[in-house]
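Student: Mind having a look at this structure? Questions to follow.
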Amino acid sequence: MLKVATIASGSSGNCAVVSDGTVHILIDAGISARRITKGLRELGIPPENIAGILLTHEHADHIAGLPVLCRQIGAPIYTAEATARQICRRMAGMERRFFVFDPGDRFVIQDLTIATFANSHDCACPVGYSVERSGRRMAICTDTGIITPEAREGVRGADLLIGEFNYSVDMLRAGSYPVHLKERILGQRGHLSNEMGGALAGWAVQHGAHKVVLAHLSKENNQVDMALEAAGQAMERIGAKVGQDVELTAAPRSQCSEWLEV
């Protein structure tokens, strides 16, 4: 068995937990340690039982809770080497906690097999992850401006995808963000729009996924119903029926989701 839940998902902070019932890992720690530990307890996991923390990149909405969390739990931190260097420049005394890798590497945390893949984002070395246990696999792909070839292969065969649906192009273009920020988000090292997220979700479903979690929705530039509509349209294009062939859910921005079994 493998199961996953999000503790927070959005531009203000991101954190997910993956568990086989015995081994529990976090993916990102972009909210306060207090909120992370509270969320873990709500999900029935003692925080001290976390076996590892996987980081996608060094932006604050993915690492904000890390310093305090690392004082509370002893779990090792896994991330790309360039990301670890950036974090260690900001957070003194963290060097000994890191296990570093190159995108594309695989490693194990007890009974969980972790695969990594390269994304495209404006940071040192952004990555996505897949986590596998006993033939069941989930993948997470957020914070990327394009769907990289590595990401396509990274989500291929996953039973569940947590995929980015960051913004509505129309909302972003019409919104109050300064031009340079709009261009950053729209760029190849920015984020995935609803349509691009739908394309990734469609690829994942064509290659084995039966559950898709819409993640990292912008509070300012997106709405849940718009993201779900885009995802539904993407499913229609590949001939998949929502509720029958694939289950679509949107990750809550600031509270725990329900467990989803993979």
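Student: Considering each of E183, E258, E150 in turn, give the residue that is in contact with a strand residue (DSSP E or B) (Cβ under 7 Å, 6 or more places away or on another chain), under 27 Å from I31 (Cα atoms) and open to solvent by 70 Å² or more (accessible area, probe 1.4 Å).
Tutor: E258
Student: Next question, about the same structure. Take V23 and tell me if it is among the β-branched types (V, I, T), under 18 Å from A215 (Cα atoms) and at pLDDT 95 or above.
Tutor: no
Student: So, C123, is that one under 17 Å from H207 (Cβ atoms) and open to solvent by less than 30 Å² (accessible area, probe 1.4 Å) or not?
Tutor: So C123 fails the test.
Student: Let me confirm something: among M235, M226, which residue is more than 17 Å from the chain's Cα centre (by Cα), over 14 Å from G10 (Cβ atoms), open to solvent by less than 10 Å² (accessible area, probe 1.4 Å) and among the hydrophobic types (A, V, I, L, M, F, W, C)?
Tutor: Of the residues listed, the single one that is more than 17 Å from the chain's Cα centre (by Cα), over 14 Å from G10 (Cβ atoms), open to solvent by less than 10 Å² (accessible area, probe 1.4 Å) and among the hydrophobic types (A, V, I, L, M, F, W, C) is M235.
Student: All but one of (1) over 23 Å from H59 (Cα atoms); (2) open to solvent by 10 Å² or more (accessible area, probe 1.4 Å) hold for G198; state the number of the condition that does not hold.
Tutor: Against the list (1) over 23 Å from H59 (Cα atoms); (2) open to solvent by 10 Å² or more (accessible area, probe 1.4 Å), G198 comes up short only on (2).
Student: Just one of (1) surrounded by fewer than 17 Cβ atoms within 10 Å (Cβ to Cβ); (2) modelled with pLDDT of 95 or more trips up G128, so point out which.
Tutor: So G128 meets the others, but not (1).
Student: Can you report the number of residues in the range 19-50 which are assigned to a helix (DSSP H, G or I) and not aliphatic (A, V, I, L, M)?
Tutor: Residues meeting the conditions: 10.
Student: Taking the criterion of being at positive phi, touching a residue at least 12 places away in the same chain (Cβ under 8 Å) and of a type outside the set (S, T, N, Q), would at least one residue in the range 77-99 satisfy it?
Tutor: no
The values are calculated or read from the model by the stated rules, or taken from the named source; none is laboratory data. Bear in mind the structure is a predicted one, so any value in this text is a computation, not a measurement. Note that we place each Cβ from the backbone using ideal geometry, even for glycine, and neighbour counts take in every protein chain shown. All accessible areas refer to the heavy atoms of the entire protein, side chains included, with ligands and DNA or RNA removed. Shrake-Rupley method; radii C 1.70, N 1.55, O 1.52, S 1.80 Å.
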